Structure formats: structure tokens, C-alpha cells
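The values are calculated or read from the model by the stated rules, or taken from the named source; none is laboratory data. Just so you know, these numbers come straight off a predicted model, no measurement behind them. Note that each Cβ is placed from the backbone with ideal geometry, even for glycine, and that neighbours are counted across all protein chains shown. With ligands, DNA and RNA removed, areas are computed over all heavy atoms of the protein, side chains included. Shrake-Rupley method; radii C 1.70, N 1.55, O 1.52, S 1.80 Å.
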Amino acid sequence: MERVFDGNIGKLNISAAEIFVDNKSRRRSGHMSHAMVEYAPGRLIAFNSNCSAVRLDGHSAFGWIEYRYSDDGGKSWSDFHELPFSKELLFDGVYTISIEKAVYLDGVLTCFAVRNTQSGAVCCEPWTAPPLVIQSFDLGKTWETPVEFSVYPGRIYDAGVKDGVIYAVEVCDKDFISDIVLDRYRLFTSTDNGRSFQEKSIVDINSHKRGYAAMQFRSDNSMLVYADDLLNSYMVDAALSEDNGKTWKRLPQIRLKYGIRNIQVARLGSGFVMHGRAWLNESWGMGQVIYTSNDGVNWDDGILLNDKKTSCYYSNMITLKNADGKDYVILHYSDLYADDARVNVMQRILSVGE
């Protein structure tokens with residue numbers, strides 16, 4: 001069912017959910033790896049995981065990576081293609097990978113891969129090795145040998161391109177939640193189109209009991225980085241940089257009506273849209289929520305699309321332009337198809353209407 005929400009950026013149109021990856025029919029699951037990238041106007045590559053529906057009741061990254069192409073702005077998608085390196089790692093039996101983000105710049109596709117272990121009790125941690133950068137010079141027909149992204153074991157949560165520079169945020173810690181490691185949120189940049197990354201700064205965000213991350217650029221050339229407060233997930237931490245990530249100013253915590261977990265933020269029109277799992281006082285969050293903002297700091301009360309489901313709604317969003325030059329956002333997210341943690345991947349379209 002299509003939904004309409006009067007938010008801070010105007011009338012937000014939210015399309016009915018459609019199945020992007022039907023894991024139920026193939027008896028699989030698909031957490032993480034929702035990266036999407038546009039390499040030409042309306043031409044996309046979208047990644048997904050093909051994971052066990054048995055291990056951890058389907059809430060794992062134990063499997064391999066697939067990707068598909070769209071030539072019509074996400075209206076239709078090609079058949080699945082497998083990322084060979086992801087199967088090699090699976091068969092080696094030490095790590096599996098998830099493709100958390102991807103960017104395209106000057107003919108080069110750069111993917112950010114997190115090395116997951118599944119040796120912990122939840123999902124994909126500890127992350128005992130640094131993330132990887134995997135590149136393709138022919139839009140995924142062939143792939144270069146992966147290289148390590150940084151010296152820190154951890155997980156990349158967001159990446160983007162601004163003025164020919166690639167930016168990426170890594171939470172530099174083997175554990176999802178930490179009481180010990182400080183300065184976990186670090187910004188890295190590449191000025192050679194992803195061949196190497198250098199640490200640019202430590203993001204001024206409280207690391208204690210924080211998780212996830214999102215990053216966005218604003219129209220005034222400043223940038224924001226966000227983190228979820230896992231002690232009180234009605235609150236979001238944020239930091240602002242006005243010098244391309246060299247220095248940061250910690251902002252007051254942002255309160256959200258339904259809370260947020262698995263935070264993702266995208267540009268839409270003159271403002272921003274935030275998607276994730278609501279909190280609703282549930283230990284790991286519950287329900288699906290969308291908020292909008294004009295400046296990325298002051299957010300409206302949001303719209304709750306679901307108030308029951310847990311263990312899903314991890315997502316990614318990408319902003320495109322339609323034939324009239326207006327923005328729309330493609331949203332891909334995990335959605336339960338069973339009573340445990342097995343998920344399909346769904347697609348919605350977000351746009352600002354009259």
C-alpha cells in the first residue's frame with residue numbers, strides 16, 4: 001500500500017513494498033549487503049547477500065554476495081550475478097563478507113567489504129580483520145584483487161563521493177558494542193579513486209554503547225556523521241564538519257519520536273530522509289520508521305510503517321533523478337518472512353510530491 005506523509009520536506013510519497021530478493025522461495029536469508037551505486041543516469045548496480053536461513057535462525061552473514069543491474073532507474077532488475085571472491089572466502093571457512101557500501105567514480109566501481117566471522121552469538125561479529133576494498137574497472141564483469149581498507153579491524157558503515165574524493169566511515173572495533181575502545185568512529189578519504197585510503201580524522205562522537213553510523217553531505221558543503229545511542233535509542237548522536245572532515249564539532253543529541261536503530265540517511269530534494277528500525281522500548285528495536293529533515297539536524301515526528309517486526313530493516317538508500325529532473329530515493333531493506341530472523345529484501349520508492 002502506498003503511504004503519504006506530511007513531513008519537514010513536504011509531502012513524502014512512500015510506494016508500496018515490492019520484493020527485490022525473494023529469499024523465502026529459495027529457502028535462504030539476506031541480512032546486510034544492501035549497497036547500491038549509480039554508474040550512469042538511471043543505470044544501477046545493487047548488491048545483496050545470499051545467506052543461510054538456518055545459522056542463527058537466518059540472522060547471519062554466512063553466505064556469499066550477489067549483484068544485479070538496472071537500466072531503468074530501479075523499475076526492473078537483471079538476473080543475479082555472483083561475486084567470485086565472496087564464495088572463495090566462504091569455502092576457505094575463516095570469513096564471509098558483506099558489501100556494505102559502493103561508489104562509482106571516473107569509470108571505477110569501488111566496493112567496501114566487511115569481513116565477518118560469525119564466531120559470536122549475534123550475526124556477524126567479532127570483526128577480527130580490517131575491511132576490504134574491492135574494485136572493478138568494467139562494471140562488475142571482472143574484479144581486482146581485494147586490498148585492506150585500513151589497519152583497524154572493524155566495519156564500514158557509510159561511504160560517498162564529493163569533489164572527486166571518496167569518503168568512508170569505519171567503526172574501528174572488533175565488537176559491535178564496546179565499553180573499552182575509544183575513538184571508534186574514524187573518517188577515511190581516498191584521492192586516488194579508491195586505490196588507497198588515508199585516515200583523515202577521528203569523528204567527535206561518543207563511542208560508549210554506540211553502534212551503526214551514517215554520513216551525509218549538506219548543500220553548504222558541510223558534512224554530518226551520525227551514530228545510534230544503544231543505551232537510549234530514542235536519541236541519535238551527530239557530529240558536524242565544515243572543513244571536509246578535517247575537524248568535527250559534536251552536536252547536541254537528536255531526539256526521535258519512535259527512535260532509530262540501523263540508521264541510514266539520504267538526500268531527497270532540498271532535504272534529507274532517514275530510515276531504520278524504530279526502537280519502541282524493545283531491546284534491539286522494533287518496527288520500521290522514516291523521518292525527514294530540512295537540514296539533517298532537526299527531524300520531524302516521522303511515520304511508522306510497521307510496529308511489530310524485529311531483527312530486520314537494515315537498509316541502504318540511493319538518490320536518483322527522474323525524467324523531469326526531480327529526486328527520488330530507492331530504498332532496499334530486509335524484512336522478515338518467518339517468525340525467526342529469516343528475511344527477504346524489499347524495495348520502496350520515496351519521492352516528494354505536490
Checklist outcome for this item: By residue number, the members of the range 124-134 that are under 20 Å from the mean Cα position of the chain (by Cα), more than 21 Å from MET215 (Cα to Cα) and either surrounded by fewer than 17 Cβ atoms within 10 Å (Cβ to Cβ) or of a type in the set (Val, Ile, Thr) (or both) are PRO126
Item to check | All positions within the range 330-343 that are surrounded by 23 or more Cβ atoms within 10 Å (Cβ to Cβ) and in a strand (DSSP E or B) | outcome: ILE330, LEU331, HIS332, TYR333, SER334, VAL343
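Considering each residue of the range 307-346, count those that are small (Gly, Ala, Ser) and closer than 19 Å to GLY160 by Cβ, and give that number.
Step one: of the range 307-346, the residues small (Gly, Ala, Ser) are 311, 315, 323, 325, 334, 338, 341.
Next, only the ones that are closer than 19 Å to GLY160 by Cβ stay: 315.
Total satisfying the criteria: 1.
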Checklist entry - Among LEU89, LEU109, which is the only one that is touching a Phe, Trp or Tyr at 6+ places or on another chain (Cβ under 9 Å), open to solvent by less than 30 Å² (accessible area, probe 1.4 Å), farther than 23 Å from ALA338 by Cβ and not in a strand (DSSP E or B)? => result LEU89
Checklist outcome for this item: Matching residues in the range 132-149 (in contact (Cβ under 8 Å) with a residue 12 or more places away in the chain, over 21 Å from PHE80 (Cβ atoms) and out of contact with any Gly (no Cβ under 7 Å at 6 or more places or on another chain)) number 4
Checklist entry - Here is a list of conditions, (1) among the hydroxyl-bearing types (Ser, Thr, Tyr); (2) more than 19 Å from the chain's Cα centre (by Cα); (3) open to solvent by less than 10 Å² (accessible area, probe 1.4 Å), and SER270 meets all of them except one; can you say which number that is? => result (3)
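Quick one: which strands (runs of 3 or more DSSP E) lie wholly within the range 117-193 and hold at least 3 residues that are β-branched (Val, Ile, Thr) and more than 28 Å from PHE91 (Cβ to Cβ)?
Correct list: 165-171.
Given the criteria over 17 Å from ILE166 (Cβ atoms) and open to solvent by less than 10 Å² (accessible area, probe 1.4 Å), does GLY58 qualify?
yes
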Checklist entry - Among the residues of the range 1-48, which ones are of a type in the set (S, T, N, Q) and either within 19 Å of THR310 (Cβ to Cβ) or surrounded by fewer than 22 Cβ atoms within 10 Å (Cβ to Cβ) (or both)? => result ASN8, ASN13, SER15, ASN23, SER25, SER29
Checklist entry - Regarding THR145, is this residue within 21 Å of SER60 (Cβ to Cβ) and open to solvent by 60 Å² or more (accessible area, probe 1.4 Å)? => result no
Next on the checklist: I'm checking my understanding of the structure. Among residues of the range 175-204 that are over 16 Å from LEU105 (Cβ atoms) and in contact with an Asp or Glu (Cβ under 7 Å, 6 or more places away or on another chain), which one is most open to solvent (accessible area, probe 1.4 Å)?
Outcome noted: ILE202
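Residue-wise test of (1) under 20 Å from the mean Cα position of the chain (by Cα); (2) touching a residue at least 12 places away in the same chain (Cβ under 8 Å); (3) not in a strand (DSSP E or B).
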site	(1), (2), (3)
GLY259	yes, yes, yes
GLN264	yes, yes, no
SER283	no, no, yes
MET286	yes, yes, yes
GLY296	yes, yes, yes
